[in-house]
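The structure under discussion appears below in the form of structure tokens.
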């Protein structure tokens with residue numbers, strides 16, 4: 001099974017290369033199988049997305065599984081064509097329902113941060129069989145996609161937290177097995 005790399009692994013900070021489809025490609029099915037196995041094996045926290053760099057492959061591929069019952073969706077060579085810019089947190093007319101949510105990452109175990117992401121993205125990508133698609137995603141799906149695309153650009157979510165002047169947290173389990181979050185002072 002492929003191991004999920006953790007920071008400061010150098011591949012996590014590299015810009016990924018475009019995946020080039022090959023005739024009778026045997027690399028892609030193997031890579032997708034390795035990624036799926038690693039994503040499904042992640043249990044605490046449960047993974048909702050995984051980018052190829054997280055298993056050491058600097059290629060523009062990621063997969064997501066937003067819920068336990070969801071099928072895995074694969075995105076190859078993704079590009080965000082359009083996104084709704086979230087209001088900065090200091091604007092008084094910010095919609096009340098737009099709040100920062102804690103975001104985590106399988107490559108940064110037990111680290112969480114408040115990240116404000118666009119509520120919707122229009123994404124152009126290729127499917128595993130090489131078909132081009134364009135699709136709009138909203139809500140949690142849009143958040144996961146933005147997080148995974150950051151991975152493809154060599155960006156880990158704490159950078160977004162710091163850019164937005166948010167807070168980072170470290171989690172640990174208490175005696176009851178519940179997650180406790182303590183703010184990290186930076």
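Just to verify a result, which residue in segment 1-19, among those that are modelled with pLDDT under 95 and loosely packed, with under 13 Cβ neighbours inside 10 Å, is nearest to residue 42 (Cα to Cα)?
For segment 1-19, the residue satisfying everything is 3.
What is the number of the single condition among (1) at pLDDT below 95; (2) in contact with a strand residue (DSSP E or B) (Cβ under 8 Å, 6 or more places away or on another chain); (3) surrounded by fewer than 18 Cβ atoms within 10 Å (Cβ to Cβ) that residue 92 does not meet?
Of (1) at pLDDT below 95; (2) in contact with a strand residue (DSSP E or B) (Cβ under 8 Å, 6 or more places away or on another chain); (3) surrounded by fewer than 18 Cβ atoms within 10 Å (Cβ to Cβ), only one is false for residue 92: (2).
Quick check: is even one residue across segment 72-87 at pLDDT 95 or above and either under 18 Å from residue 6 (Cβ atoms) or assigned to a loop (DSSP other than H, G, I, E, B) (or both)?
yes
So, of the residues in segment 159-181 that are touching a strand residue (DSSP E or B) at 6+ places or on another chain (Cβ under 6 Å) and either without any contact (Cβ under 8 Å) to a residue 12 or more places away in the chain or in a helix (DSSP H, G or I) (or both), which turns out to be farthest from residue 70 (Cα to Cα)?
174
Does residue 156 meet the test of being within 14 Å of the chain's Cα centre (by Cα) and within 23 Å of residue 59 (Cβ to Cβ)?
yes
The values are calculated or read from the model by the stated rules, or taken from the named source; none is laboratory data. As the structure is a computational prediction, the values presented were derived from the model and not from experiment. With ideal geometry, Cβ positions are generated from the backbone for all residues, glycine too; neighbour counts draw on all protein chains shown.
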